[in-house]
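A short worksheet on the structure shown next.
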Amino acid sequence: MPYNICIRLLIIVITTSVFFSCASTSQPDPDGGTTDPDGGSTNPMDTIAFPFPDTTAFAKINKTDSILGNSLRFGDVDIFQEAALESKTGIYNKAKDYTGKAVDLNFSFLAPAADTLKKRPFVLFVHEGAFVYGTLDNEMGKAKSFAQKGYATASINYRLGFNGGSQTNVCGGNKQELIRTIYRAVQDTYAALFYFTSNAETLGIDVSQIFLAGSSAGNITISSLAYTKEADFEVLDPGIVKLLGSLDPHQTAKRFKLRALLTSLGYGLLKGSSFSVSTAKPTIFFQRTGDNVLPYESGSLFFCSSYPVISGAKTTTDQLVTFKMPFELNYEPEIGHLLSYPESYISQHYALFVKRFWKKDNRQIISERYAVISDKKIN
């Protein structure tokens with residue numbers, strides 16, 4: 001952030017309201033803290049973020065939520081210029097693809113550089129491509145938008161391909177092969193989360209504030225990570241765990257707190273997943289009612305009769321209504337898989353959805369194209 005920002009901004013933190021001096025001994029901070037000359041942080045969020053939320057009282061998470069919700073960061077305004085971001089690339093894991101070939105799984109990380117906030121909420125993006133094509137580059141536009149809003153972000157490559165399936169004939173495989181490629185994609189996403197949580201201190205990630213974002217096949221991956229357990233996959237494909245190994249070998253799920261799912265280009269929740277009122281996560285959706293790749297309601301994945309059944313955005317939000325869980329459903333009443341919404345619009349609504357969640361402004365919102373047709377406050 002430019003040094004003169006504290007001349008222009010009055011920082012409001014929920015616990016107190018103060019004016020922050022622009023003295024030469026401190027750096028301005030959009031979150032209401034300062035950094036002392038020796039590099040120490042007085043940022044209120046940094047004093048609350050913690051490494052392993054499963055061992056920490058949820059009251060601390062709630063307090064963090066309130067501070068995040070009232071911060072000048074993380075909203076629909078890009079407070080960091082692109083030049084103020086730092087990027088890192090690397091390999092988060094090595095694994096064998098469906099042919100048995102060992103492949104490197106790489107990532108691209110993006111976050112504000114020289115940040116006064118040492119622990120930032122983290123968004124992991126998983127790309128589209130019907131599990132046969134696509135790269136992490138497809139999600140870097142949204143990742144950059146979130147980094148400019150103050151988040152730490154990353155996009156990953158994961159293992160692609162399955163016997164019989166191709167970009168020109170995605171229906172060429174069978175149910176078993178497709179279940180296995182979804183399983184591998186979830187394994188890889190867990191491996192990526194293990195890498196980022198293991199390096200949270202270096203990368204400036206608050207592991208109590210993890211968000212998963214996916215497009216098309218990426219949505220199936222992140223919803224499966226959130227709701228489809230090893231036992232569920234065993235029902236779908238008996239022996240899959242013995243064949244492919246543990247779904248989450250490092251028990252990564254215990255190392256972070258998954259707060260919400262951010263989805264576009266349809267949605268897909270495998271039938272038989274452990275999706276319930278106790279497991280459901282706040283979710284934002286973007287899908288066409290006439291989606292011809294992922295059903296808007298329920299149907300076979302990719303509309304291939306031999307593939308597993310999934311629930312789309314409409315069927316899933318109907319369940320979230322009964323669960324009294326916050327969601328935002330944005331739909332276009334048109335045929336086709338690709339959306340007309342600009343990427344910037346999707347990113348902005350993702351960010352505003354998270355802000356409402358942190359502020360406990362719990363709503364179930366339905367929009368047709370750009371017009372809100374239903375907005376219900378829930379307790």
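The values are calculated or read from the model by the stated rules, or taken from the named source; none is laboratory data. Quantities reported herein were computed from a predicted structural model and do not represent experimental measurements. Positions of Cβ are generated from backbone atoms using ideal geometry, with glycine treated the same way; all protein chains shown enter the neighbour counts.
Taking helices (runs of 4 or more DSSP H) that do not extend beyond the stretch 167-266, which have at least 3 residues that are under 25 Å from Arg288 (Cα atoms) and touching a residue at least 60 places away in the same chain (Cβ under 8 Å)? Correct list: 175-198, 217-227.
Taking the criterion of being touching a helix residue (DSSP H, G or I) at 6+ places or on another chain (Cβ under 7 Å) and within 28 Å of Cys171 (Cβ to Cβ), the residues of the stretch 298-329 that qualify are Ser298, Leu301, Phe302, Cys304, Ser306, Tyr307, Pro308, Ile310, Leu329. Quick one: count up the residues across the stretch 297-310 that are touching a Lys or Arg at 6+ places or on another chain (Cβ under 7 Å) and either over 11 Å from Tyr267 (Cβ atoms) or surrounded by 22 or more Cβ atoms within 10 Å (Cβ to Cβ) (or both). Total satisfying the criteria: 5.
Would you say Leu329 is surrounded by 19 or more Cβ atoms within 10 Å (Cβ to Cβ), modelled with pLDDT of 95 or more and either in contact with a Lys or Arg (Cβ under 7 Å, 6 or more places away or on another chain) or closer than 22 Å to Phe131 by Cβ (or both)? The answer is no for Leu329.
Filtered by the rule that a residue be among the β-branched types (Val, Ile, Thr) and touching a residue at least 24 places away in the same chain (Cβ under 8 Å), the stretch 323-379 gives Ile335, Ile346, Val354, Ile365, Ile366, Ile378.
The C-beta contact set for the stretch 69-90 (first residue among the aliphatic types (A, V, I, L, M), second residue assigned to a strand (DSSP E or B), distance under 8 angstrom, 6+ apart or interchain) comprises Ala84/Pro112; Leu85/Leu110; Leu85/Ala111; Leu85/Pro112. Looking only at the stretch 113-166, which residues are assigned to a strand (DSSP E or B) and out of contact with any helix residue (DSSP H, G or I) (no Cβ under 8 Å at 6 or more places or on another chain)? Within the stretch 113-166, just Arg120 meets the criteria.
Per-residue answers, yes or no, for (1) under 16 Å from the mean Cα position of the chain (by Cα); (2) buried (at least 24 other Cβ atoms within 10 Å of the Cβ):
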{"position": "Lys118", "(1), (2)": "no, no"}
{"position": "Ala130", "(1), (2)": "no, no"}
{"position": "Glu139", "(1), (2)": "yes, yes"}
{"position": "Ser145", "(1), (2)": "yes, no"}
{"position": "Ala152", "(1), (2)": "yes, yes"}
{"position": "Ile156", "(1), (2)": "yes, yes"}
{"position": "Gly161", "(1), (2)": "no, no"}
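From the list Lys360, Lys314, the lone residue that is closer than 25 Å to Ser278 by Cα, basic (Lys, Arg), outside any helix (DSSP H, G or I) and at pLDDT 95 or above is Lys360. In the set (1) in contact with a His (Cβ under 9 Å, 6 or more places away or on another chain); (2) crowded, with 24+ Cβ neighbours inside 10 Å, the condition left unmet by Ser264 is number (1).
Applying the condition of being among the hydrophobic types (A, V, I, L, M, F, W, C) and either within 20 Å of the chain's Cα centre (by Cα) or more than 28 Å from Trp358 (Cβ to Cβ) (or both) to the stretch 84-103 and asking which residue is surrounded by the fewest Cβ atoms within 10 Å (Cβ to Cβ) yields Ala102. Among the residues of the stretch 267-307, those that are over 21 Å from the mean Cα position of the chain (by Cα) and either assigned to a strand (DSSP E or B) or among the β-branched types (Val, Ile, Thr) (or both) comprise Thr289, Gly290, Val293, Ser298, Gly299, Ser300.
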